Each structure stands twice: as C-alpha cells, then as structure tokens.
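Reviewing the structure listed below.
The values are calculated or read from the model by the stated rules, or taken from the named source; none is laboratory data. Source: prediction; values computed, not measured. Note that we place each Cβ from the backbone using ideal geometry, even for glycine, and neighbour counts take in every protein chain shown. The area values use the complete protein model at the heavy-atom level, side chains included, leaving out ligands, DNA and RNA. Shrake-Rupley method; radii C 1.70, N 1.55, O 1.52, S 1.80 Å.
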Amino acid sequence: FKIKPLDYNNLVVSGDEQPFGFIFYSKMKVDFAKFTMTGYYQVIPQQYLMFWIMIFLSIFWVLSLITYIVIYFKMHKLEKQRQNDQKIIAQAMMAIAHLVDAKDEYTKEHSLRVALYSAEIARRCGMKEEEVKKLKYIALVHDCGKVGVPDAILKKKGLLTPEEREIINSHTVLGGHILESFNSIEGIRDGALYHHEKYDGTGYPNKLKGKKIPVCARIIGVADAYDAMSSDRCYRPRLPKDVILEELHKNSGTQFDPEYVRHMIAMMEDGTAERIHELKVEGADITVL
C-alpha cells in the first residue's frame with residue numbers, strides 16, 4: 001500500500017531546507033526488498049520576476065495589436081477619403097479647363113495638353129511625382145482668366161488692336177484674382193498670373209525676370225507656347241515642326257527658361273510631344289494621365 005501525505009506536511013520553498021520522516025506500521029513482518037521514495041517539485045510562477053515580465057509583455061502585445069488594427073482601419077478610411085477629395089479636386093479643375101476651352105473651338109483641350117506637357121517637362125527635370133501632380137493641376141487652370149475676355153476678341157481672326165491686345169493680356173491678372181482664394185493647391189494662382197512672363201523680363205503682367213518667375217509659370221510658359229504653335233488657331237493654321245523648333249531655340253534665354261525649353265525640344269525630337277498632342281483625352285481623368 002502507499003503512504004498518503006498528511007495535512008500537516010510542509011511546503012519547502014526554493015532555497016529552504018525541511019527535515020522530514022515517516023513511521024511505517026504493519027501487522028505482519030515486512031521484508032524490504034525494494035524501497036522507493038518519490039518527490040515532486042512544485043513551481044509557483046508568481047514567485048518569479050520573469051513571470052510578471054511575460055504577463056506585462058503579453059498585455060502590451062495585445063493592446064498594441066488592438067491599437068494597430070484600429071489605426072489601420074482609420075487610416076484606410078482616411079486614405080479613401082483623401083482619394084475621393086483628390087478626385088473631386090481633379091474633376092473641378094477639369095470642369096474649369098473645359099469651361100475655358102469651350103469659349104473657343106480652336107483651343108479645345110488646350111489646357112489639358114498644356115498640363116500634360118508641363119508634367120512631362122517636370123518629370124524630366126527630376127521633380128518628385130507629388131510636385132508633378134500639383135503642377136498638372138496648376139497648368140490645367142492657367143487660362144481660367146479667359147472666361148472674362150469677350151468672345152469677339154478671343155475669336156477674332158484678324159490682327160488685334162492695341163486695346164484688344166490689352167484686354168487679352170489682362171486674362172493673367174483676372175486668372176490670378178479668380179484663384180487667389182483657392183488655397184488647396186499651393187501656387188495655383190502663380191500659374192495663371194505669371195505664365196506670360198518672359199525670362200528676360202519683357203513679359204506681362206509684372207515684367208518679372210529669370211528665377212523671380214515662379215517655377216510652375218516658367219514651365220507652363222514653355223508648354224503653353226508649344227501648344228499654341230502646334231495647334232490650329234482662328235488666325236492661322238498650326239506651324240510646321242521645323243518652324244516650332246526654330247522658335248524654341250531662338251527664344252531660349254529670352255522668352256523661355258533655357259532649362260525647361262531644352263526638355264520641350266527633346267520631347268519634340270523623341271516624339272513625346274506629338275504623342276501627347278494626339279491623345280484622345282476628351283473625358284479623361286487628369287489623375288491617370
């Protein structure tokens with residue numbers, strides 16, 4: 001038979017000593033041929049510092065996981081909202097561009113092409129994609145001031161009088177006024193106001209010179225001039241490629257920033273400019289072009 005432990009048996013904790021013994025009674029003579037004593041090592045985790053460290057780390061891990069999941073879903077929701085806001089902005093920019101271009105059948109999709117030329121110039125200059133996207137929006141509404149120019153002047157096929165030329169030129173100032181309270185896109189007013197400034201300081205409206213002209217306006221100025229020369233206008237047909245190249249080379253450093261016009265010339269020579277000009281962009285999403 002087995003000896004059962006009694007209630008008064010003591011628990012020996014780690015590092016302590018405890019004497020023990022037992023008394024064996026039997027009604028018959030017992031000859032011990034074999035004797036076995038079994039002990040058990042009882043572990044109480046709460047006694048160890050590592051136990052509490054593991055508990056703390058486990059709780060911390062669970063809370064971190066919950067926090068991560070909550071933040072992930074919130075960020076996902078915010079990202080969807082941001083994309084939706086971007087789409088709204090893009091559609092608003094496109095609507096303004098279509099409104100301006102609709103005033104003259106000869107300038108149909110002019111604003112979108114200028115935006116695409118400007119974006120390609122910016123990429124070739126090494127600008128970050130976020131800056132390229134912003135420039136595309138700025139270029140898209142660069143001519144918004146033309147909504148205030150009478151159609152009779154805007155569509156006139158003959159030479160403009162000095163007074164009519166002054167009214168046409170005023171579209172930059174009017175565009176600046178229209179966009180001055182539009183602060184969702186930094187610098188959007190500069191594209192409309194300064195895209196007819198010239199690198200040598202002879203442009204309008206403020207006769208800014210060189211690097212004092214905002215970067216976006218210098219790029220848009222090149223793209224705008226190229227599209228004007230490569231498109232049919234009410235007063236003349238599109239110019240031949242060699243004539244356009246000659247004009248760009250001739251006006252580098254005077255009308256155009258040499259760095260940016262160099263990229264426009266390269267776009268003409270490698271066929272990029274022509275591909276953009278021939279794009280079927282009606283109804284296109286500016287964010288994916």
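Candidates 131, 109: the one that is among the acidic types (Asp, Glu) and at pLDDT 90 or above is 131. One residue alone among 82, 165 is closer than 19 Å to residue 196 by Cβ, out of contact with any Asp or Glu (no Cβ under 6 Å at 6 or more places or on another chain), at pLDDT below 95 and open to solvent by 90 Å² or more (accessible area, probe 1.4 Å), and that residue is 165.
Give the number of residues within region 125-158 that are free of Cβ contacts under 8 Å to residues at least 12 places away in the same chain and outside any helix (DSSP H, G or I). The number of residues fulfilling the criteria is 3. A single member of 101, 143 is at pLDDT below 90, out of contact with any strand residue (DSSP E or B) (no Cβ under 6 Å at 6 or more places or on another chain) and either within 27 Å of residue 274 (Cβ to Cβ) or surrounded by fewer than 22 Cβ atoms within 10 Å (Cβ to Cβ) (or both), and it is 101. The single condition among (1) of a type outside the set (Ser, Thr, Tyr); (2) in contact (Cβ under 8 Å) with a residue 60 or more places away in the chain; (3) not in a helix (DSSP H, G or I) that residue 116 does not meet is (3). Evaluating residue 45 against the criteria (1) over 20 Å from the mean Cα position of the chain (by Cα); (2) open to solvent by 80 Å² or more (accessible area, probe 1.4 Å) leaves one unmet condition, (2). The residues on offer are 173, 149, 222, and the sole one that is among the aliphatic types (A, V, I, L, M) and touching a strand residue (DSSP E or B) at 6+ places or on another chain (Cβ under 7 Å) is 222. Just so you know, in region 225-268 the residues that are among the acidic types (Asp, Glu) and closer than 23 Å to residue 197 by Cβ include one that is most open to solvent (accessible area, probe 1.4 Å), and it is 246.
Within region 170-177, does at least one residue satisfy the condition of being surrounded by fewer than 23 Cβ atoms within 10 Å (Cβ to Cβ), touching a Pro at 6+ places or on another chain (Cβ under 9 Å) and either among the aliphatic types (A, V, I, L, M) or more than 25 Å from residue 92 (Cα to Cα) (or both)? Yes: region 170-177 contains one or more residues that are surrounded by fewer than 23 Cβ atoms within 10 Å (Cβ to Cβ), touching a Pro at 6+ places or on another chain (Cβ under 9 Å) and either among the aliphatic types (A, V, I, L, M) or more than 25 Å from residue 92 (Cα to Cα) (or both).
If you go through region 178-189 and keep only what is open to solvent by less than 60 Å² (accessible area, probe 1.4 Å) and either within 18 Å of residue 99 (Cβ to Cβ) or among the β-branched types (Val, Ile, Thr) (or both), you end up with 179, 185, 188. Criterion first (exposed (fewer than 14 other Cβ atoms within 10 Å of the Cβ) and either modelled with pLDDT under 95 or within 25 Å of residue 87 (Cα to Cα) (or both)) does residue 283 satisfy it? Judged against the criteria, residue 283 is a match.
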